[in-house]
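Laboratory data are not the source of any read-out in this text; all were calculated from the coordinates shown. On a predicted model such as this, the values are computed, not experimentally measured, just so you know. So basically every Cβ, Gly included, is an ideal-geometry build from the backbone, and we count neighbours across all protein chains shown.
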Amino acid sequence: MRSTPREPGGRGGGASPHPLLKVASVETLYFDRIYALFGVSLEIEEGEIFTVLGPNGAGKTTLLRTIAGLLKDQPKKGEILFRGRRIDGWQPEAVARLGIVYVPEDRGLFRELTVAENLELGLWGRRDDGVRKDLDFVYGMFPILKERARQEAETLSGGEQQMLALGRAMLRRPRLLMLDEPSLGLAPRIARSVYDALGTISRTGTTILLVEQNARLALGVARRGAILEAGRVVLEGTSAEIQANENVREVYLGLGTEEAAVKGWRLYRKRRRW
């Protein structure tokens, strides 16, 4: 349990000599023969938002599931260290006990349970005196959840379901919050509200590893990030550095060059050098 907590996720104490999460030369296979990740290496510092961008099939979800221990006998090669402690090969429940909370793309809600019941599951096993404060924090961040407390999760809108998934995750007091495509299927205004909440969560001290296809939203909140393509990290840097990259601007931000516009975006694809 944390010392002098501020809000869910916030932590006291001095700086660690290690990155919070280190992924070193990780290779993940499906069916022991199909490579999903090739030598992926990342370091995430405590308290930052780090985003991983890339197209469908790039290996983004596989990366999160590998870290969370959800893929049996994976990774095949490489190391995953959390606060300097090697955790690759651990069972998912052991990874979760370290404070690594994963919110999957489908949000992982119990759809037949009410909003309040889903949040109660986020408090399962907690006996500390911060439960009320943490619930107040979640309801303050997402007031609609309090209004919908007796409503079944499956009757919520997509945005409300994402808010519920985030709220439940925060009740676990995560050290590392891993989110898979939180803007998927949401209207732009609702997606913006969800991303505003990520800024609020980050200010509590919670570290966020964010997987996204919406590069504009992700780079708008992240301090650093990486581009994953075909299972490999092809670019890494600060958000500003990534946004300034010509290939990123054209392929991920839709800011094509004049040459691309002349040739027609449907027929022309610039050869990327990374």
Charge dipole of region 66-137 about the Cα centre (unit charges at C-beta), most positive-ward option of 101, 125, 68 | 68
Degrees, to the nearest 10: 131-141 long Cα axis against longest axis of the chain | 50 degrees
Just for the chain, what percent of DSSP beta bridges are antiparallel, to the closest 5?
-> 55 percent
Provide the net charge surrounding residue 182, with neighbours chosen by a C-beta distance below 11 Å and charges set as Lys +1, Arg +1, Asp -1, Glu -1.
-> -3
For labels at residue 241 and residue 154 in the simple 7 Å Cα→Cβ model, what's the distance in nm?
-> 4.8 nm
For residue 22, counting only aspartates and glutamates whose alpha-carbon sits under 17 Å away and dropping same-chain residues fewer than eight positions off, the answer is 43, 45, 46, 48, 79, 88, 236
The chain: calculated mean residue ellipticity at 222 nm from DSSP helix runs of at least 4, using -39500 (n - 2.57) = -9500 deg cm²/dmol
Show which aspartates and glutamates lie in cross-link reach of residue 146 when reach means a straight Cα distance below 17 angstrom and same-chain residues fewer than eight apart are skipped.
-> 117, 120, 134, 136, 154, 160
